[in-house]
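The values are calculated or read from the model by the stated rules, or taken from the named source; none is laboratory data. Predicted model, so just to flag it, every value in this text is computed and none were measured. Here Cβ is always computed from backbone atoms with ideal geometry, including for glycine, and neighbour counts include all displayed protein chains.
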Amino acid sequence: MNIVVQTISTFFLYAVGAVFAQNAVFSRSLGVSRLVKMVGEASSDNLLFCGLLCLVQVISAPLAWMANRWILTPLSFRAAVRPLVLVLCSAAALGIVIVVCSALRRPSTSRVAQLLPMATFNCAVIGCLLVTTIQNFTLVQTLGFAVGSGAGYTLAVLAVTEGQRKLQARAVPAVFRGLPVTLLYIGILALAIYGFTGHTAAF
Amino acid sequence: MPERAVRVVHEGHALNRDYLAMMVPLMAWPVFLYGWRPVALCAAALVTARICDWLGAKLLSHRYDPTENSSLLYAVLLVMLMPATVPYYVVVVSTAVAVLIAKEAFGGYGAHPFHPTAVGYVAAVISWPQYLLRYPTPFQGALPLWGGMDNVLYSDGISQVMSTGGTPAVERLDLLLGNYAGAMGTGPALIILACGLLLLLRRRINVVVPASFLLAAGLMVWCFPRIGNASGWLWQDVSLRLSALQFEMLSGGMLFGAVFLCCEPSTCPKNLLAQLIYGLLLGVLSMMYRYFGSYEVGVCFALLIMNAASSYIDRAVIRLANRKGVIRRGNVG
Amino acid sequence: MAMWAKRIVHLNENFVAISRRDRVFLNNPVVMNGVGLAPLVIAATTGLNALMLSVAVLLMITPTRVLSALVCRWVRFRALVYCLSAAVVYIGAYYCMQAWFSVEVTYLGMYLPLLVVEPIVIRRYEQPAPEKISSALKKGLLNTAGYVLVILLVGMLRELLAQGALFGQPLFDGSILPLSQLAAGGFIVVGVLCAVWRGAVNLVKKRVNMEAKKYQ
């Protein structure tokens, strides 16, 4: 009973930490290029993209943990092949999602197939896997962090999309329109989040 | 007869002029405590704000309007949040950040999503915590206008004392008057309340946001006081909770934020219910920053987060009201 | 003089096409497309970090692009090909970095392996048409040049603002804005730099236009 409570509390601790204190976008700047492009285009696929990203993240996290435990840790040159192994883990997660989606035969499968590579091979997913494998998280910590990382990215997308109303106003000076003002917006929000933690996220 | 040219005054001029007028009595107290240095710091901030305004207009190719005085207000508010021993270059750099980055880069008056004073203060306190989180002891003689602060005595701020579990040794009268080590403009609670009343009577601020802000913050302090060991139910340990309430609410920029920062027209929601929700969340977040972050003036950090959410709250409330209105109209018609 | 006039007029008429090919100043990948932001904002906090990242990027962008262009002739799944090529190239790049910056490379933390999926390295996979090897080589080198320029600029600027030093050599006492070494400051510095750069590009465009009008 104690172990269950401890497991659940570790899971939630790492998940909440990954959403706020170690937010993928605001603290580690992962997936910002994709974020800026997404909110600039203001399409309705943003939520679908974030959902797919969370899905791939959660599926690839345990795969990465297993790879770290059984393949990477015994190797002396693990730092060199870590990205290769992690890319293969996320590719495996991508494969699983494709198989599940085509088995479900929803009409949105083609759009899903279009978005999936971008949702899989991006800095947010691989960055989260890098953090959990470099810092040797346990399985529960890895799962919690992965869930939180995906949720944090979605939160960042929502926050910046919400801000776009003011950022796309005509009043914004021409040289700042688009990327610069979005970066300033993200930067100021990152300042606010930094105030909570008081220190930079370890990388 | 030749017509006199009508000087077109910026739309926000009167509002900001009223706010700036409130700063004059507020400035009297830090001058009384610390000498003329607060005035010199204010002057440096005002000059920087004007130069940054002109620079912004020049670089971003829009007309420089000398009657647009919101930058002056943001600069003075920023200085009021700092202790009197802060160096001049900190004031200059944080004012430049507040005006150029938080205001001009986003499009100037009315278009900025974040309160420039909050951005400037947050940038300053994160960059120079050694200058902004150390408060000079009052009544030690006038602080030097120039040069180093080597012979100045410092005391811990009220929030710092409470975060380590202690009880600040400040009498209630001193709390109300501002006779304790704190930021320049956040101490004199009575003056701030008087200014708030005046601004309210002139309809420069609304009553919903500051009231809900203070209510939510007060509730947080009541439920989780930082003084002593208040482990009972909410109606137990009343004296402890009241004591914590007076310390937390009268210090650390809570009143200052309620009166001068919350109701900024570009960043505050317009709808009444949205303003209520905004104020409540602002109060909760400010107290969370005071409790869990190491920053005493938590209201600035909370403002940044709530500014990002304010237009969403407005839209959500209007959408909800429209949906309910449709149902109501259907029933009536 | 006639040669100069002809070139200016030609530049003005085809400014958009010519600027698209210039990946160093007029159409810098970072400033105009917003790629490669993660290492810029978090890792490029000092001149030395920026130098290390530039070397890493130099070793990775062009080989990845050329290798992927080669493999994509036969394999259809472009995203996976580009990422795997980057990961394979990374192995070599990692050992080079270890040889040249043995201790300091730890300052980059996870932003060195993250280059494997950085858009600046693999973004070409989003365009479905396969690339010619020569084009991959040329564009890879141009993109590298543009990115290296920005990353060195950002790294040196942030070190100057935060520490008053350059590559560890102190230049003046005190710091103008210590915030620049944090993530939040990084976003702000990169944002302002992009705005200033775009302003410069606009100025050049206006100048070219003015000069061309003189000769038309």
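Checking the condition touching a residue at least 60 places away in the same chain (Cβ under 8 Å), surrounded by 19 or more Cβ atoms within 10 Å (Cβ to Cβ), more than 12 Å from chain A (Cβ to nearest Cβ) and over 19 Å from the mean Cα position of the chain (by Cα), which residue from C:Gln163, C:Gln181 passes?
Details: C:Gln181 fails: more than 12 Å from chain A (Cβ to nearest Cβ).
Only one candidate passes the filter, namely C:Gln163.
Which condition number in (1) in a helix (DSSP H, G or I); (2) at pLDDT 90 or above is the one that C:Val35 fails?
With respect to (1) in a helix (DSSP H, G or I); (2) at pLDDT 90 or above, C:Val35 is out only on (1).
For a quick check of your reading of the model, give me the residue pairs whose first member lies in the stretch C:33-62 and is facing chain A (nearest Cβ under 8 Å), whose second is assigned to a helix (DSSP H, G or I) and of a type in the set (Lys, Arg), with beta-carbon atoms closer than 7 Å and at least 6 apart or on different chains.
Short answer, once both residue conditions are applied: C:Gly34/A:Lys37; C:Val35/C:Arg123.
Of all residues in the stretch B:116-126, which are free of Cβ contacts under 8 Å to residues at least 40 places away in the same chain and either touching a His at 6+ places or on another chain (Cβ under 6 Å) or buried (at least 24 other Cβ atoms within 10 Å of the Cβ) (or both)? Spell out how you get there, then give the answer.
From the stretch B:116-126, those free of Cβ contacts under 8 Å to residues at least 40 places away in the same chain are B:123, B:126; that's our starting set.
The one that is free of Cβ contacts under 8 Å to residues at least 40 places away in the same chain and either touching a His at 6+ places or on another chain (Cβ under 6 Å) or buried (at least 24 other Cβ atoms within 10 Å of the Cβ) (or both): B:Ala123.
Matching residues to (1) farther than 25 Å from A:Thr7 by Cα; (2) surrounded by 20 or more Cβ atoms within 10 Å (Cβ to Cβ); (3) of a type in the set (Asp, Glu); (4) modelled with pLDDT of 95 or more:
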site	(1), (2), (3), (4)
A:Ser76	yes, no, no, no
A:Ile96	yes, no, no, no
A:Val99	yes, no, no, no
A:Ala103	yes, no, no, no
A:Ser110	yes, no, no, no
A:Leu115	yes, no, no, no
A:Thr120	yes, yes, no, no
A:Ile126	no, yes, no, yes
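Quick check: anything in the stretch B:72-89 surrounded by fewer than 19 Cβ atoms within 10 Å (Cβ to Cβ) and in contact with a Lys or Arg (Cβ under 6 Å, 6 or more places away or on another chain)?
Checked against the condition, which is being surrounded by fewer than 19 Cβ atoms within 10 Å (Cβ to Cβ) and in contact with a Lys or Arg (Cβ under 6 Å, 6 or more places away or on another chain), the stretch B:72-89 yields no hits at all.
Where in the stretch C:104-216 are there helices (runs of 4 or more DSSP H), lying fully within it, with 1 or more residues that are within 30 Å of C:Lys6 (Cα to Cα) and of a type in the set (D, E, K, R)? Outline the logic, then answer.
Working: elements: C:119-122, C:133-163, C:183-215.
So the answer is C:133-163, C:183-215.
Suppose we filter C:Arg23, C:Arg65 for residues that are more than 18 Å from C:Val116 (Cα to Cα), more than 10 Å from chain A (Cβ to nearest Cβ) and not small (Gly, Ala, Ser); which single one remains? Working first, answer last.
Working: C:Arg65 fails: more than 18 Å from C:Val116 (Cα to Cα).
Answer to the selection: C:Arg23.
State which residue is farthest from B:Leu176 (Cα to Cα) when the search covers only the stretch B:269-284 and only residues that are within 16 Å of the chain's Cα centre (by Cα) and surrounded by 24 or more Cβ atoms within 10 Å (Cβ to Cβ).
B:Tyr278
Within the stretch B:29-72, take every residue that is in a helix (DSSP H, G or I) and among the charged types (D, E, K, R) and give me the one that is farthest from B:Ala142 (Cα to Cα).
Keep residues of the stretch B:29-72 that are in a helix (DSSP H, G or I), which gives B:29-34, B:37-59, B:70-72.
Filter again for among the charged types (D, E, K, R), leaving B:37, B:50, B:53, B:58.
Details: B:Arg37: 8, B:Arg50: 28, B:Asp53: 32, B:Lys58: 39 Å.
Filtering first and then ranking leaves B:Lys58.
Which of the numbered conditions does A:Val160 fail, given that it passes all the others? Conditions: (1) assigned to a loop (DSSP other than H, G, I, E, B); (2) within 14 Å of chain C (Cβ to nearest Cβ).
With (1) assigned to a loop (DSSP other than H, G, I, E, B); (2) within 14 Å of chain C (Cβ to nearest Cβ) applied to A:Val160, the lone miss is (1).
Listed here are the residues, each with its yes/no results for (1) over 30 Å from C:Val189 (Cβ atoms); (2) not polar (S, T, N, Q).
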{"residue": "B:Arg17", "(1), (2)": "yes, yes"}
{"residue": "B:Ala21", "(1), (2)": "yes, yes"}
{"residue": "B:Phe32", "(1), (2)": "yes, yes"}
{"residue": "B:Tyr64", "(1), (2)": "no, yes"}
{"residue": "B:Glu68", "(1), (2)": "no, yes"}
{"residue": "B:Val76", "(1), (2)": "no, yes"}
{"residue": "B:Tyr88", "(1), (2)": "no, yes"}
{"residue": "B:Thr117", "(1), (2)": "no, no"}
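Provide a single number: the residues in the stretch B:267-306 that are within 9 Å of another protein chain (Cβ to nearest Cβ) and within 27 Å of B:Gly107 (Cβ to Cβ).
6
Identify, from the list B:Ser239, B:Ser266, B:Ser231, the residue that is outside any helix (DSSP H, G or I) and free of Cβ contacts under 8 Å to residues at least 40 places away in the same chain.
Values: B:Ser239 fails: outside any helix (DSSP H, G or I); B:Ser266 fails: free of Cβ contacts under 8 Å to residues at least 40 places away in the same chain.
Answer to the check: B:Ser231.
I'd like the full set of residues that are crowded, with 24+ Cβ neighbours inside 10 Å and of a type in the set (Ser, Thr, Tyr), limited to the stretch C:46-87.
Listed by number, the residues that qualify are C:Thr64, C:Ser68, C:Tyr82, C:Ser85.
Search the stretch B:136-162 for residues being in contact with a helix residue (DSSP H, G or I) (Cβ under 9 Å, 6 or more places away or on another chain), away from chain A (no Cβ under 14 Å) and within 14 Å of B:Tyr295 (Cβ to Cβ), and hand back the single one that is surrounded by the fewest Cβ atoms within 10 Å (Cβ to Cβ).
Looking at residues that are in contact with a helix residue (DSSP H, G or I) (Cβ under 9 Å, 6 or more places away or on another chain), away from chain A (no Cβ under 14 Å) and within 14 Å of B:Tyr295 (Cβ to Cβ), I get B:Met162.
Among the listed residues B:Pro38, B:Pro113, B:Pro25, identify the single one that is touching a helix residue (DSSP H, G or I) at 6+ places or on another chain (Cβ under 9 Å), touching a residue at least 40 places away in the same chain (Cβ under 8 Å), more than 30 Å from B:Leu153 (Cβ to Cβ) and not small (Gly, Ala, Ser).
Values: B:Pro38 fails: more than 30 Å from B:Leu153 (Cβ to Cβ); B:Pro25 fails: more than 30 Å from B:Leu153 (Cβ to Cβ).
Unique residue meeting the criteria: B:Pro113.
Being among the hydrophobic types (A, V, I, L, M, F, W, C) and over 19 Å from the mean Cα position of the chain (by Cα) is the filter; apply it to the stretch B:16-42 and report the residue that is farthest from the other protein chains (Cβ to nearest Cβ).
By that ranking, first place goes to B:Phe32.
For B:Phe224, which of the numbered conditions (1) out of contact with any helix residue (DSSP H, G or I) (no Cβ under 6 Å at 6 or more places or on another chain); (2) closer than 30 Å to B:Tyr180 by Cα; (3) crowded, with 17+ Cβ neighbours inside 10 Å fails to hold?
(3)
Taking C:Ala162 and the conditions (1) in contact with a strand residue (DSSP E or B) (Cβ under 8 Å, 6 or more places away or on another chain); (2) more than 20 Å from C:Phe25 (Cα to Cα), which numbered condition does it fall short on, given that it satisfies the others?
(1)
Starting from residues that are in contact with a Ser or Thr (Cβ under 8 Å, 6 or more places away or on another chain) and within 14 Å of another protein chain (Cβ to nearest Cβ), keep the ones in the stretch A:39-51 and report whichever is surrounded by the fewest Cβ atoms within 10 Å (Cβ to Cβ).
This residue is A:Gly40.
Quick check on this structure: which one of A:Phe203, A:Phe145, A:Phe137 is more than 9 Å from every other protein chain (Cβ to nearest Cβ), assigned to a loop (DSSP other than H, G, I, E, B), aromatic (Phe, Trp, Tyr) and out of contact with any strand residue (DSSP E or B) (no Cβ under 9 Å at 6 or more places or on another chain)? It would help to see each step written out before you state the result.
Values: A:Phe203 fails: more than 9 Å from every other protein chain (Cβ to nearest Cβ); A:Phe145 fails: assigned to a loop (DSSP other than H, G, I, E, B).
None of the others qualify; the one that does is A:Phe137.
Determine which member of the set C:Val105, C:Val81, C:Val121 is touching a Gly at 6+ places or on another chain (Cβ under 9 Å) and more than 9 Å from chain A (Cβ to nearest Cβ).
Just one listed residue meets the conditions, C:Val121.
Can you report the number of residues in the stretch A:164-198 which are in a helix (DSSP H, G or I) and within 13 Å of chain C (Cβ to nearest Cβ)?
Keep residues of the stretch A:164-198 that are in a helix (DSSP H, G or I), which gives A:164-167, A:174-176, A:179-197.
Remaining after also requiring within 13 Å of chain C (Cβ to nearest Cβ): A:167, A:174-176, A:179-197.
Qualifying residue count for the region: 23.
Report, ordered by the first and then the second residue, all pairs with beta carbons closer than 8 Å, sequence separation of six or more or different chains, a first member in the stretch A:103-129 that is facing chain C (nearest Cβ under 9 Å), and a second member that is among the acidic types (Asp, Glu).
Close Cβ pairs (under 8 Å, with a partner that is among the acidic types (Asp, Glu)) amount to A:Met118/C:Glu126; A:Cys123/C:Glu118.
Could you list, in sequence order, all residues of the stretch C:42-51 that are outside any loop (DSSP other than H, G, I, E, B) and closer than 14 Å to C:Leu114 by Cα? Can you show your working first?
If we filter the stretch C:42-51 for residues that are outside any loop (DSSP other than H, G, I, E, B), which is where we start, we get C:42-43, C:47-51.
Across the stretch C:42-51, the qualifying residues are C:Ile42, C:Ala43.
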